[in-house]
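Below is one structure, written out as structure tokens; the observations come after it.
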Amino acid sequence: MPRVLLPVKEHAVCIFARPRDFPCPKVVQEEEPHEVNYLRLMQEPTPVHFAGAKEKGRFILTDFGRHFDTRAIHAGESPGPDPGSHVVPIYQTSTFIFDDAEQGARRFAGEESGYIYTRLGNPTVRALEEKMADLENAEDAVAFGSGMGAISAAFLQMLSAGDHVVSIRTIYGCTYALLTGMLKRFGIEVTFVDGRDIDAIRDAVRPNTRMLYGETPANPNMALVDLEAFAALGKETGIPTVIDNTFMSPALQRPIDWGVDVVVHSATKYLGGHGDVIGGILVGSSDFVGQIKDDVLKDVGAVLGPFDAWLLIRGLKTLPLRMSRHNENAQRVAEFLQAHPAVSSVHYPGLPSHPQHALATRQNPMGFGGMISFHLDGGITAGRRLLNAVNVCTLAVSLGACDTLIQHPASMTHSTLDQEQLIAAGIDPGLIRLSVGLEHVDDIIDDLRDALDYA
Ligand SMILES: Cc1ncc(COP(=O)(O)O)c(C=O)c1O
């Protein structure tokens, strides 16, 4: 008769149900004692107290005649003890088994910690959250299915109808669209100001302002927000501050250290680092993250899947190494572009010509990141020719991958803004954005040189 190996919980009374007309399963062999989990067999509610279960041990039971279809589902599936895997395992499961009905009720009532359902929490996702909280010097973190999931969760948690947001003017296109579109429908107003001007942010504050929102460096014009002054303004006015840290990652910039309250990320970018995952992260105080988990994540549900969390955990291990190479390559590429006769302007905080270079040096001593934007003398026509001529650089949106990505914000990442909004947001229609990758820098520069000759 076929056998199944079933681990039994230490000191637990094993309750299982036998198929009708089947004898009570008997222990046929006891193996070496070790940490064990529990036994759960379904079907008939006929509890059988199983003497051996009171001992620490592992038992081989006969399968007592379950059908092939049932065995295809259950055989070998009992969640055994962690065998000590070197990396965090992918807990690719949507739900978690309770020991008994009472435990299920206690977990739902919040009287006992433990996993219930992956929308509410998952060990692989939690490992990512703990890593990110640590890297951002924050109390806690929560992961989302995308950067926009994290950003919209912050808005949903912090804002109500009748509230007002002061946001810097140049931000990622979908964040802009969310603030001016959907949030407006829910009765939330926004005032956009130049993020380089702290007094302009202060002047825009109203009695009903409930959030100061910024990105630094801003996507795509690479303008900076002075994080120290921004956080201080938040403290002075009692208004929570939120910063999108996607362009820098915690390897280069930790806004919490400057006093910012909440940090959001598109984890899709530098955190993953390989262009193979979409995800988002929000970090902040334990209370705030707890509220988001209870109120937004649970009911809105933009959760990150366990496999994607695992990819992000893997990506984060090399984040400091990658960022340091992004820094070096971008600095060289920015210098090359600045010296090229066809390029009219280059926006990179690491260039002394950047109007906020002094602030960048103070705020980002670990480096200025891998993002550059620039204009060509020939405007958008020359820009399109450049995009079509590159070979090493990849013509694609997104950023922070291993390969160099080139794109045109006005017609791509920021196409949610109309011409008037683009001008108001400081995004010139001819601007080209480059996410400098990890290739050998000479190959990136040679490719750009050849493509610029053609453009
Ligand atoms: C600065 C910034 N924030 C947020 C997002 C949104 O991230 P996701 O695409 O992961 O939703 C992006 C995407 O490009 C971004 O560049």
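Can you put Tyr115, Tyr213 in order of Cβ neighbours within 10 angstrom, beginning with the fewest? Can you show the working numbers first?
Values: Tyr115 17, Tyr213 28.
Fewest-to-most Cβ neighbours within 10 Å comes out as Tyr115, Tyr213.
Evaluated on the range 218-324, the Kirkwood hydrodynamic radius is 15.0 Å, with distances taken between all distinct Cα atoms.
Under 10 °C and 1.306 mPa s, how fast does the range 320-454 diffuse according to Stokes-Einstein, given a Kirkwood radius computed over C-alpha pairs? Answer in µm²/s, whole number.
My calculation gives 106 µm²/s for D.
Using square roots of five times the C-alpha gyration tensor eigenvalues, list the equivalent-ellipsoid semi-axes of the range 144-250 in whole Å, biggest first. It would help to have the intermediate numbers written out before the result.
Numbers: eigenvalues 68, 63, 30 Å².
Rounded to whole Å, the semi-axes are 18, 18, 12.
Throw me the Rg/Rh for the range 108-317, computed over C-alpha atoms with Kirkwood Rh, two decimals. We get a ratio of 0.96 for the range 108-317. With Cα atoms defining each centre, the range 143-181 and the range 378-400 are spaced 29 Å apart in the structure.
For the peptides 287-295, 258-266, 426-434, 173-181, the ranking by mean Cβ contacts within 10 Å, running from highest to lowest, is 258-266, 426-434, 173-181, 287-295.
Anything over 19 Å Cα to Cα? Flag those among Lys235/Lys298; Lys131/Lys269; Lys131/Lys317, in the order listed. Those over the limit are Lys235/Lys298.
Extension gain for Arg332 to Asn388 (0.36 nm times residue separation, less C-alpha to C-alpha distance): 17.9 nm.
Going from the fewest other Cβ atoms within 10 Å to the most, the residues Lys131, Lys184 appear in the order Lys184, Lys131.
For the range 284-354, the Cα gyration tensor yields ellipsoid semi-axes of 40, 17, 12 Å (square root of five times each eigenvalue, largest first, whole Å). Here the residues His440, His414, His274, His354, ranked from fewest to most Cβ neighbours within 10 Å of their Cβ, fall in the order His440, His274, His354, His414. Over the Cα atoms of the range 207-250, the radius of gyration divided by the Kirkwood radius equals 1.01; this is the Rg/Rh ratio. Expressed in Å, the radius of gyration and Dmax of the Cα atoms of the range 78-228 are 20.4, 61. Would you kindly state how much longer the chain becomes between Ala109 and His86 on full extension, computed as 0.36 nm times their sequence separation minus their alpha carbon distance, in nm to one decimal? Once the chain is fully extended between Ala109 and His86, it gains 4.9 nm.
Every number here is computed from the coordinates shown, using simple stated rules; none is lab data. Given the structure is predicted, the values throughout are model-derived calculations rather than measurements. Note that we place each Cβ from the backbone using ideal geometry, even for glycine, and neighbour counts take in every protein chain shown.
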